Amino acid sequence: MSANPVRYIPPVYRPPSEAQSLILPVTDGCSWNKCTFCEMYTDPQKKFRPRGKGDVLETIQRCRDAYGGEIKRIFLADGDALTLSTRRLVAVLEAIRRELPGVRRVSSYCLPRNVRNKSVAELKELANLGLTMVYVGAESGDDEVLARVNKGETFETTRDALDKLGAAGIKRSVMILNGIGGKALSRQHSENSAALMNATQPEYLATLVVSFPKGEERFRAGFEDWQELSVVELMEEMDLLLSRLELKRTIFRSDHASNWLVLKGTLGADKARLLEQLRAAISAPEAARLRPAWARGL
């Protein structure tokens, strides 16, 4: 047996909060893979394919032999494990429960489109077997922005997915991309993203800043007039988003490596504090504790 019981196809991605989790691939790549802002799965070796049931179950058994009770959390990779059938996911979750009884949480990325063909009852079954958290890249609540970046979703399709997941008892960590609408669509991006969050009340909300480590050519193919926001303009867009949010018990984070200003709190209890911190940075960015550009590498 190799030193690593899991066969990875690099690069491998996971949310920052899954740093201590075992990354267990059940698919390779992303089943949609058409979003022009995302380059995570564009390398040839990351072409989408589900991993075979036997392959995944054998990997779980090897992890049992290698790590035993050390594994407490598992993240199902790659881009959208929920594209698998409910039956396949049930088999994976049952194997995790059987072979790795110390696991307390299973999570995955989730495209809204992958929830459309799953009933609330099916999602509840997955939740009961341990899939208790998903990370949903909403990116924006604005239909024009979503169309420009070829997300393949709308405000309504994303809301429907988030509502189904919530009804099933699966915690939702939603990601919004600061700056994705550029200068022209910044306001509607903020306002409609806030409306989407207010309508669905996710348990977690994170903002990331749109960035292009491999260049902007792919993104600009569908968004030729996009103009990048300055650091202050990004914070002003965030100010509008936070101002419009009416959340009850949502844990909020803007601490991803792409963010210039780190913000943490619970909405709505900490809304006033977060806005005060943000507005102080807008008024005097040179005095704010902004993340240096060199530290924002992805």
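The values are calculated or read from the model by the stated rules, or taken from the named source; none is laboratory data. In this text, all values refer to a predicted model and were calculated from it rather than measured experimentally. Cβ placement follows ideal geometry from the backbone for every residue including glycine, while neighbour counts extend to all protein chains displayed. For the accessible areas, the whole protein counts, side chains as well, though only heavy atoms, and no ligand, DNA or RNA atoms are used. Shrake-Rupley method; radii C 1.70, N 1.55, O 1.52, S 1.80 Å.
Among residues other than TRP226 with Cβ under 9 Å from its Cβ, the summed charge is -1 (Lys and Arg +1, Asp and Glu -1). The alpha carbon centroids of the range 1-36 and the range 165-244 are separated by 24 Å. Applying 1/(1 + (r/R0)^6) with r as the Cβ-Cβ distance of ARG97 and ALA295 and R0 = 45 angstrom yields a FRET efficiency of 0.70.
Based on DSSP H segments of at least four residues, each scored -39500 (n - 2.57), the chain has a per-residue ellipticity at 222 nm of -10500 deg cm²/dmol.
Across the range 140-298, the relative contact order, built from alpha-carbon pairs under 8 Å that are at least six residues apart, equals 22 percent.
Which net charge results for the neighbourhood of GLY166, defined as the other residues with beta-carbon distances under 15 angstrom from its beta-carbon, given Lys and Arg at +1 and Asp and Glu at -1?
Every neighbour counted, the sum reads +4.
With the charge dipole of the chain set up from +1 on Lys and Arg Cβ and -1 on Asp and Glu Cβ about the Cα centre, the Cα lying farthest toward the positive end among the listed residues ALA161, ASN128, HIS256 is that of ASN128. Take the range 244-298 with all the other protein chains still there, run a 1.4 Å probe, and you get 60 Å² of accessible area per residue. Accessible surface of VAL136, taken over heavy atoms with a 1.4 Å probe and every protein chain present, rounds to 0 Å². When you restrict to C-alpha pairs under 8 Å that are six or more residues apart and normalise by the size of the chain, the relative contact order lands at 14 percent.
When the Gaussian network model of the chain links Cα atoms closer than 10 Å, the mean-square fluctuations of ASN259, ASN198, ASN178 top out at ASN198. The modelled label-to-label distance between ASP65 and ASP43, using points 7 Å beyond Cα along the C-beta direction, is 2.7 nm. Residues within the reach of a label modelled at ARG105 (point 7 angstrom out along Cα to beta-carbon, backbone nitrogen below 17 Å), restricted to the range 255-273, are 255-256, 265-267. When the Gaussian network model of the chain links Cα atoms closer than 10 Å, the mean-square fluctuations of GLU246, GLU276, GLU191 top out at GLU276. Report, in listed order, any pair from LYS171/LYS264; LYS46/LYS151; LYS118/LYS264; LYS47/LYS214; LYS46/LYS118; LYS72/LYS164 with a Cα-Cα distance greater than 29 Å. In this structure, LYS118/LYS264 exceed 29 Å between Cα atoms. Annotation for the range 138-188: trypsin sites (Lys or Arg not before Pro) lying in DSSP loop with at most 16 further Cβ atoms inside 10 Å of their Cβ are LYS183.
Please report, as a whole percent, how much of the solvent-accessible surface of the chain comes from carbon and sulfur atoms (probe radius 1.4 Å).
Solvent-exposed carbon and sulfur of the chain make up 50 percent of the total.
With pairing defined as another cysteine C-beta under 4.7 Å, the cysteines of the chain that fail it are CYS30, CYS63, CYS110.
Residues whose amide H lies under 5 Å from that of VAL26, counting only those 5 or more places away or on a different chain, are ALA77, ASP78; hydrogens are built 1.01 Å from N in the peptide plane. Taking all protein chains into account, the per residue accessible area for the range 1-41 stands at 47 Å² (1.4 Å probe).
Of all aspartates and glutamates in the structure, those lying under 12 Å Cα to Cα from LYS183, and not within fewer than 8 positions of it along the same chain, are ASP225, GLU228, GLU233, GLU236, GLU237.
In this Cβ point-charge picture (+1 for Lys and Arg, -1 for Asp and Glu), the range 98-203 has a dipole of about 320 debye about its Cα centre.
With protein chains left intact and a 1.4 Å probe, residues in the range 76-165 average 37 Å² of accessible area per residue. Within the range 132-155, whose backbone N sits under 18 Å from a point 7 Å along Cα→Cβ of GLU228? Answer for this model: none.
Only the Cβ atoms of Lys and Arg (+1) and of Asp and Glu (-1) were treated as charged; on that basis the dipole of the range 31-122 about its Cα centre amounts to roughly 280 debye. Inter-label distance, ALA284 to ASN33: 5.0 nm, where each label sits 7 Å from its Cα along the C-beta direction.
Taking a sphere under 9 Å around the Cβ of ARG113 and counting the other residues whose Cβ falls inside, with K and R at +1 and D and E at -1, yields a net charge of -1.
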